[in-house]
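Let me begin by presenting the structure, written as structure tokens, before commenting on it.
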Amino acid sequence: MKKIVAYTLLITMLVPFMLSCFAEGSSNYLYDSNQKQVPAPPAYLHERTYMVSDFAGQTGQSGTALKDLKSMQSACYKNGKIYITCTNKLVILSEDFELIDVIESYIDLGGHKASFDSNVGTFVTDSGEYYICEPNRSRILHFAADGTLLRALDNPGITGVDAGVKYRPTQLAVDEAGRMFVVAKGMYEGIVELDTDGKFVGFYGVNEVKFNVLDLLWRKIATSSQRSKQSLWLPTDFTNICIDSDGFKFATVQSASAAESVMRLNAKGQNILRVDEDDPYPSGDLWMNQVTSTGAPVGASEFIAVDTNDFGVYMCLDATRNRVFAYNEDGKLLFIFGGKGNRKGYFRGPVDVDFVGDSIMVLDSTAETIELFSQTDYGIALMRAVEAQYGYDYLTAEQYWREALKYNHNLFLAYSGIGRALLRRGENKEALKYLKLGDDRKYYSKALEKVRNETLKQYLIPCVLGLIGLVVVKKTVKHVIKRKKEGRRTA
Amino acid sequence: MKHFLSEFKNAFFTFPKYILGRPFSGFDQMKHLKKGSMAFCIFVLLLSCILNVLEYVYNGFLINYNDLYQVSTLYLMLVTAFPVFLFVTGNWSVTTLLNGEGKYHEIFMVTMYALYPYCILRIVALILSNVLLLDEMAIVNAIRGIGIALFVFYLFVGLVVIHNYGFGQGIGMVLLTLFAILVIVFVLMLGFSLVADVFDFLRTVARELRLRL
């Protein structure tokens with residue numbers, strides 16, 4: 001009796017722990033091919049929260065200590081250093097989150113000491129030079145790696161815009177040649193492209209205004225006074241931009257109505273983001289509340305930040321539900337984490353998301369914290385598989401996909417990855433099975449072609465021979481019967 | 001036995017084939033010489049009900065986007081059978097008022113005889129969809145398209161013949177039938193919502209009583 005009681009107690013005590021291994025992490029789901037939510041294990045788990053107090057006692061190279069992390073705006077990770085802009089300063093941290101420097105002032109081109117005013121976006125080049133956007137002063141500051149100001153790029157002489165529109169650069173990306181791609185607030189024409197000297201080249205990746213027939217009809221019917229009260233039809237605003245390892249620009253658009261809220265732009269400014277025909281466009285949550293009585297967020301995801309890594313994975317930060325969505329180069333959803341809230345792994349006011357090596361960093365501007373997420377075993381397998389597949393190393397990918405499958409049976413990508421590897425190895429029938437599970441119709445068709453040809457090779461010749469034989473036998477039998485009948489008649 | 005077999009052969013193969021080849025005279029014989037077989041018509045209806053389920057589940061993976069974890073056989077069968085009766089009822093109610101000579105069961109039989117080539121093509125397409133590649137799926141779609149075209153053609157011819165209409169009258173009848181279907185659907189919806197309201201009312205009364213007692 002005592003034993004039973006003891007065991008029952010033990011089990012009831014263990015239950016919370018058993019539950020917690022499911023509850024750990026945030027937003028543990030993925031979307032299946034029917035756009036339904038399916039549970040998924042966390043690929044990234046919250047590892048640490050960095051607050052100002054974590055940097056207490058450390059001083060930067062210039063001797064300044066970090067007083068606060070108020071109003072963080074954006075971050076950039078380059079060459080093992082993390083650059084974080086706050087409205088009035090630039091914080092440089094090492095990969096291990098040790099304070100390297102806090103820059104609150106600089107010597108301007110006239111030789112005077114100046115302080116930052118309204119920093120928003122930052123970009124760091126491979127050589128360590130960094131750019132900072134100051135929208136309130138309508139300029140971009142270009143610093144050398146050692147912190148001396150090289151250029152202050154004022155309004156580049158944008159043409160084709162209303163004279164009353166102030167140039168307010170907020171985010172930028174600089175390509176290898178030194179051309180700048182600037183996202184400016186209220187600049188509906190598109191991303192501002194500047195040449196290496198900071199001269200205006202043109203608008204890049206222009207958003208088109210889209211409207212449907214019904215809207216147009218209403219607009220036709222409405223009187224002019226009604227029309228003046230309707231909202232203007234404006235193209236959507238870009239929110240963020242970054243450059244991937246191939247030199248293409250990833251840009252996000254914040255608009256509930258935008259069909260393409262994240263774009264991969266080529267040199268001509270065309271969206272070349274790869275999405276399978278059958279798949280929905282990468283746009284965060286596919287299932288969402290449209291109305292709420294509980295105060296839960298409603299409507300589509302709105303992306304405010306984007307970052308990519310070396311093997312084509314890009315992740316977007318959704319401002320509606322504070323979630324991070326990561327996709328592979330084919331636009332397939334890899335993992336989701338984050339959410340609105342005060343708990344560990346949730347955010348209150350995230351502004352930027354960045355890959356820091358294998359980890360992911362999210363700036364929470366409201367909580368004034370830097371949240372660091374690290375890969376779980378599942379996440380490691382998943383990312384390695386994606387990396388191997390990006391490099392066309394299907395056999396290594398298969399190994400990692402199989403490992404990822406152990407954690408997540410709902411991972412369609414793993415099934416299709418294994419299927420593709422099997423197809424490459426020539427195990428076509430087995431490949432068919434996996435490709436079907438992975439909902440990969442393109443490769444299923446390829447595998448089916450091979451299986452079909454094999455079957456045809458195997459059975460076609462016997463079948464044709466058999467058919468010919470059958471016809472011959474039938475003809476002979478007929479002939480023989482005819483002969484016999486004739487024979488009878490003549491007899 | 002032999003008599004039954006020849007009857008069966010006539011009802012299920014010879015006469016349907018004859019209608020396929022010579023629709024005008026075929027439907028005419030169906031009406032006036034009572035050559036059609038009700039058993040065959042019910043068979044076609046059941047076949048198309050079952051085909052709808054089979055297509056949902058066994059359509060080739062390459063063109064099958066259905067969620068196989070959510071399949072309701074009864075729903076899929078009703079979805080096939082209900083429109084048939086809706087159409088037949090709609091057509092009958094219109095043509096009765098407009099001097100159509102066709103009877104209710106004749107309209108049903110015409111519909112079924114028109115449907116069976118489509119059924120056969122659906123079986124062919126169903127099998128092909130499992131062996132064809134993604135690029136070749138156009139063949140499957142073409143076969144289904146041809147089937148629908150045939151269905152519409154035979155249905156129109158059959159209806160015109162059994163009601164003894166001309167071409168123009170036939171077109172008018174089709175349009176009016178569509179309108180009648182809309183009216184029937186509207187009345188049905190109205191009826192259902194009213195019945196639901198009545199039940200709701202009864203349930204509320206019952207709940208009130210239970211709370212009081």
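Of all residues in segment A:365-392, those being buried (at least 19 other Cβ atoms within 10 Å of the Cβ) and either closer than 27 Å to A:ALA414 by Cβ or free of Cβ contacts under 8 Å to residues at least 60 places away in the same chain (or both) number 13.
For segment A:298-309, a residue qualifies if it is touching a strand residue (DSSP E or B) at 6+ places or on another chain (Cβ under 7 Å) and assigned to a loop (DSSP other than H, G, I, E, B), and the qualifying residues are A:SER301, A:GLU302, A:ASN309.
Restrict the check to segment A:273-296 and report whether at least one residue is out of contact with any helix residue (DSSP H, G or I) (no Cβ under 9 Å at 6 or more places or on another chain), of a type in the set (Phe, Trp, Tyr) and not in a loop (DSSP other than H, G, I, E, B). The answer is no, given that none of the residues of segment A:273-296 is out of contact with any helix residue (DSSP H, G or I) (no Cβ under 9 Å at 6 or more places or on another chain), of a type in the set (Phe, Trp, Tyr) and not in a loop (DSSP other than H, G, I, E, B).
Being touching a residue at least 40 places away in the same chain (Cβ under 8 Å), within 14 Å of chain A (Cβ to nearest Cβ) and either polar (S, T, N, Q) or surrounded by fewer than 18 Cβ atoms within 10 Å (Cβ to Cβ) (or both) is true of B:TYR58. Residues of segment B:105-141 that are more than 14 Å from the chain's Cα centre (by Cα) and of a type outside the set (A, V, I, L, M, F, W, C): B:SER129, B:ASN130, B:ASP135, B:GLU136, B:ASN141. Each residue in segment B:1-23 was checked for being touching a helix residue (DSSP H, G or I) at 6+ places or on another chain (Cβ under 9 Å) and of a type in the set (A, V, I, L, M), and 3 pass. Per the conditions (1) surrounded by fewer than 18 Cβ atoms within 10 Å (Cβ to Cβ); (2) touching a helix residue (DSSP H, G or I) at 6+ places or on another chain (Cβ under 6 Å), the sole criterion not satisfied by B:HIS32 is (2).
Pick from A:VAL473, A:VAL477, A:VAL451: which is within 14 Å of another protein chain (Cβ to nearest Cβ) and either assigned to a helix (DSSP H, G or I) or among the small types (Gly, Ala, Ser) (or both)?
On the way: A:VAL473 fails: within 14 Å of another protein chain (Cβ to nearest Cβ); A:VAL477 fails: within 14 Å of another protein chain (Cβ to nearest Cβ).
Testing whether each residue is within 14 Å of another protein chain (Cβ to nearest Cβ) and either assigned to a helix (DSSP H, G or I) or among the small types (Gly, Ala, Ser) (or both) leaves just A:VAL451.
The set of residues in segment A:378-405 that are in a loop (DSSP other than H, G, I, E, B) and either among the hydroxyl-bearing types (Ser, Thr, Tyr) or touching a Leu at 6+ places or on another chain (Cβ under 7 Å) (or both) contains only A:TYR392. Residue pairs whose Cβ atoms lie under 6 Å apart, sitting 6 or more positions apart in sequence or on different chains, and linking a residue in segment A:313-330 that is under 14 Å from A:SER26 (Cβ atoms) to a partner that is modelled with pLDDT under 95 and of a type in the set (S, T, N, Q), are A:ASP318/A:SER301; A:ARG323/A:SER27.
When segment A:406-431 is filtered for residues that are surrounded by 21 or more Cβ atoms within 10 Å (Cβ to Cβ), hydrophobic (A, V, I, L, M, F, W, C) and in a helix (DSSP H, G or I), the ones remaining, listed by number, are A:LEU413, A:ALA414, A:ILE418, A:ALA421, A:LEU422, A:LEU423, A:ALA431.
On the stretch given as segment B:46-74, residues that are more than 28 Å from A:ALA447 (Cβ to Cβ) and either out of contact with any Ser or Thr (no Cβ under 7 Å at 6 or more places or on another chain) or not in a helix (DSSP H, G or I) (or both) total 6.
Scanning segment A:111-129 for residues that are more than 16 Å from A:THR196 (Cβ to Cβ) and either surrounded by fewer than 14 Cβ atoms within 10 Å (Cβ to Cβ) or of a type outside the set (S, T, N, Q) (or both) yields A:GLY111, A:HIS112, A:LYS113, A:ALA114, A:SER115, A:PHE116, A:ASP117, A:VAL120, A:GLY121, A:VAL124, A:GLY128. Here A:TYR106 fulfils each of the conditions (1) of a type outside the set (Val, Ile, Thr); (2) within 32 Å of the chain's Cα centre (by Cα); (3) buried (at least 16 other Cβ atoms within 10 Å of the Cβ) apart from (2). Might you check whether a residue that is in a loop (DSSP other than H, G, I, E, B), modelled with pLDDT under 90 and under 23 Å from A:LYS199 (Cα atoms) occurs anywhere in segment A:89-109? Yes: one or more hits.
Of the residues making up segment B:12-29, those that are over 24 Å from B:MET77 (Cα atoms) and surrounded by 15 or more Cβ atoms within 10 Å (Cβ to Cβ) number 9. Residues of segment B:110-138 that are more than 14 Å from chain A (Cβ to nearest Cβ), in contact with a Leu (Cβ under 8 Å, 6 or more places away or on another chain) and surrounded by fewer than 18 Cβ atoms within 10 Å (Cβ to Cβ): B:ILE123 alone.
When B:GLY145, B:GLY170 are screened for being of a type in the set (Gly, Ala, Ser), in contact with a helix residue (DSSP H, G or I) (Cβ under 7 Å, 6 or more places away or on another chain) and in a helix (DSSP H, G or I), only B:GLY170 passes.
The values are calculated or read from the model by the stated rules, or taken from the named source; none is laboratory data. Note that the structure is a prediction, hence the values are computed from the model and not measured. Note that we place each Cβ from the backbone using ideal geometry, even for glycine, and neighbour counts take in every protein chain shown.
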